[in-house]
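Every number in this text was worked out from the coordinates using simple rules, so none of it is lab data. Computed from a predicted model, the values in this text were never measured in an experiment. So basically every Cβ, Gly included, is an ideal-geometry build from the backbone, and we count neighbours across all protein chains shown.
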Amino acid sequence: MTNKTTMKTNIVFVCKGNVCRSAIAEILMKHHLQIKYGDNWSDKYIVQSGGTTPGFGKWGSKMAPKMRKIAIEHDLDQDLVNNHYAKPVTEEMLTAGDINKVFIMDNKNLTKMSELFPNQKVEFLDKSVITDPFGKDEEHFMGCFDFIDECCTNYIYGDKA
C-alpha cells in the first residue's frame, strides 16, 4: 500500500496594512474554496494574508470597519471576519505550502515586497492592480470588495485552483 501525500497550495495575499484588501481577499478565497470543495478544502489549500506596514499604525488591528461591515452584509463567515487581526507578512507565511502563490495588490506592495523578500516571486491578483480604499468612502470599499470577489472567483473557477 502506498502513502499518497496531498500537495498543498499556499495562497498568500499581501497589501500594505492587512486591514482591507488582503484581509478580505483571504476571507473571500476561503469562502469560494469552501463552496467549490466543501469542508475538505483545507486539505489542499492554505490561505493567509499579511501586510508590509502596520495597519492603523500597529499590528493586531481589526479589519477596517467599512470592509468588515461589507463582509458581514455579504454573509461571509462571521468568525473569520470578526477574528481577523492585521499581521505582517513573514518568510514562514510565504513558504508554508508545497506550491506557494503570493498575490500583491498594487505597485507599492511590489516595491516593498522586493525590499523585504528579494527572492520571492509575487504577482497581481488576476493580473490587476487593486486600489487601496483605506481612508475613502464606503462606495470605494464596496468597489474594492466586488473586484476582489471577482478576482477570487476567476482564480477558483478559472481552473487555477
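When the listed pairs K16/K101; K36/K101; K30/K127; K69/K136; K62/K127 are checked against a 23 Å cut-off, the alpha-carbon distance exceeds it for K62/K127. Working from Cα positions, state the angle (0 to 90°, nearest 10) between the long axis of helix 21-37 and the longest principal axis of the chain. Between helix and principal axis, roughly 40 degrees.
Placing dummy labels 7 Å off each Cα toward the beta-carbon, the span from D146 to V122 is 2.7 nm. Listed values (1) -0.40, -1.10, -1.37; (2) -0.96, -1.19, -1.25; (3) -0.69, -1.03, -1.20 include one computed from this model; for log10 I(q)/I(0) by the Debye sum over Cα atoms at q = 0.11, 0.18, 0.20 Å⁻¹ that value carries the label (1).
Under the simplified labelling scheme, the E73-W59 pair shows an inter-label distance of 3.2 nm, with each label point 7 Å from Cα along Cα→Cβ. Cross-link partners of K66 among aspartates and glutamates, defined as those whose alpha carbon lies under 13 angstrom from its own and excluding same-chain residues fewer than eight positions apart: D132, D137, E138, E139.
Each of G38, T95, S49 was placed along the dipole of segment 26-95 (beta-carbon charges, centred on the mean Cα), and the one lying farthest toward the positive end is S49.
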